[in-house]
Every structure is written in C-alpha cells, then in structure tokens.
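This report concerns only the one structure given below.
None of the figures in this text is laboratory data; all of them are computed from the coordinates on show. Worth saying up front: this structure is predicted, and the values here are computed from it rather than measured. Every residue, glycine among them, receives a Cβ derived from its backbone with ideal geometry; neighbour counts consider all protein chains shown.
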Amino acid sequence: MADFEELEFVIPAYTPETMPLNRLLEYLEQIGAVIGAPAEMHLVRIEHSSTKPVFRVPVPSATRARDTALAISRGDGTAKQRGAYERIRKMVRKDGGKNALLNDHRGVVLSFPAAPEDVAIFGIRQAGHFDGLLNRVGGSGDFSSIQMQELNGDVISGFSASRYLAKEMAALLYEPLRVHGQAIWDRSTTGRWKLTSMHIQSYERLGDDSLEDVVKELKAAPVNWPDDADQRLQRERDSVQ
C-alpha cells in the first residue's frame with residue numbers, strides 16, 4: 001500500500017507561463033491553511049493548461065484533508081480553515097471567477113466558487129464608543145448637535161446629546177474625549193466600518209496625553225483577537241438590528 005497520495009490544486013485563471021509568482025504564493029499559503037498540514041505538503045510539480053500545483057502528502061494527511069473539505073462544505077472546520085477558504089474564493093473572484101478545485105485521484109475534494117461581490121451595509125445600530133476631539137456644541141431644542149474629529153482628521157457631525165449633557169461637554173471644547181451611546185454604523189464595499197451618528201449618553205476625558213498617544217497605547221495593548229473577530233462583530237451587529 002502506498003504511503004503517499006497526490007492532491008492537485010487547480011487554479012484556472014492562469015497557466016504556469018502567466019501566473020505571477022507572488023499570486024501563486026498567495027494561493028499556496030491559503031490552500032495549506034485549508035488543508036491544515038502545510039509542513040506535510042510537498043510540491044512535486046506544476047501541471048499545464050491551468051496552473052495545477054501537485055502535492056505529495058502522507059496518506060493520513062490526505063484522509064484528513066478530505067474530512068476537512070467535507071467539514072468546510074458544511075460550514076464547519078476551524079476559523080483559520082474557513083478564513084483561508086473564503087480568501088481563496090475572493091482571489092478566484094478577482095482572477096476571473098472560474099472555480100478553483102482541490103482534487104485527489106478520485107475527483108474533486110473541495111470546490112472554491114468565486115465569492116459574491118462585497119456590498120455596502122448601512123444603518124447597523126449598536127451601542128459603542130468613540131474617541132476624538134470635541135469640535136463644536138450647538139443647536140436648539142431638546143437635543144444639541146455635537147461635532148467630533150477623528151485622529152485622522154475626519155470630522156463627524158452626526159453626534160447629539162441632551163442639552164444638559166451638552167452643556168457639561170461644552171466646557172471641554174477641543175479636548176480629547178471618549179463618548180458612549182447608541183451609534184449607527186455603515187460598512188463600505190471594502191469592509192471598512194465607519195461611525196455615521198451617535199446619541200451620546202455619557203462621556204469621559206482621555207487625560208493629558210494627546211489623542212494620538214492614547215490611540216497608540218490602545219493599539220499596543222496585549223489583546224489576542226480571535227481569527228473570526230470580524231465575523232463575530234458582524235453577528236453581534238446583525239442581532240441588534
């Protein structure tokens with residue numbers, strides 16, 4: 001009985017003559033993450049027509065690869081495996097849209113159809129906070145309009161607060177604040193979330209450090225984000241719509 005099997009990864013968008021090296025390396029890195037055993041995958045050749053890297057892998061690893069493929073097709077597998085699978089699908093979309101395939105000697109093990117086009121999402125409501133400079137407080141009526149400025153210089157005018165709270169905040173004009181409240185977020189087609197408005201319910205001063213120093217300190221905090229942090233945030237936002 002053979003100790004090894006061959007797995008073939010079909011990338012239809014390119015031939016070996018047209019495949020850029022950096023793109024090939026991207027595909028190889030992601031298929032290794034999908035299979036979950038890159039150290040046991042040995043590239044033995046690249047076949048023609050499409051670009052078809054062929055890997056020689058131990059039989060137990062090939063068996064696990066088929067089990068993993070079945071799990072991913074059901075929406076299971078680890079967060080890292082699912083993430084790599086979705087990244088390949090996005091690469092396929094950018095490279096013409098024809099399915100990539102992982103094959104063994106019996107046929108297709110896992111298909112990678114092109115991911116759908118990213119779409120913008122508007123009006124996700126969720127409690128949150130915002131760090132920025134207080135630029136302006138004004139307006140009439142029961143609620144005052146408030147303008148804040150992000151660290152990158154972008155100005156957001158969609159804040160509001162009760163007149164009582166706005167009067168307190170006015171004493172901190174041009175100071176760095178953290179405001180808390182019910183916010184509305186939009187997501188661009190590139191996946192970037194942006195705060196568009198917030199009704200402020202409380203606030204706190206960020207201290208004597210500059211806003212830039214505060215943000216640097218927050219980014220340096222030893223936080224271990226899970227691989228699927230963005231998907232978890234999306235599910236949380238979906239749940240409060």
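Descriptive notes on the structure:
- Table column - 3J(HN,Hα) (Hz), the range 44-52, Karplus curve with 6.51, -1.76, 1.60, x for Gly and Pro: 9, 5, 10, 7, 8, 6, 8, 7, 10
- Stretching Glu204 away from Thr15 to a fully extended chain increases their span by 62.2 nm, per 0.36 nm per residue minus the current alpha-carbon distance.
- Normalised contact order of the range 88-170, rounded percent, pairs of Cα under 8 Å and 6 or more residues apart: 18
- A simple spin-label model places pseudo-atoms 7 Å from Cα toward Cβ; at Ile184 and Arg125 they are separated by 0.9 nm.
- Highest-first arrangement of 92-102, 70-80, where packing means the average Cβ count within 10 Å: 92-102, 70-80
- Think of each Lys and Arg Cβ as +1 and each Asp and Glu Cβ as -1; about the Cα centre, that makes the dipole of the range 4-112 roughly 380 debye.
- Long-range HN-HN contacts of Ser197 with modeled amide H, under 5 Å: Ile184
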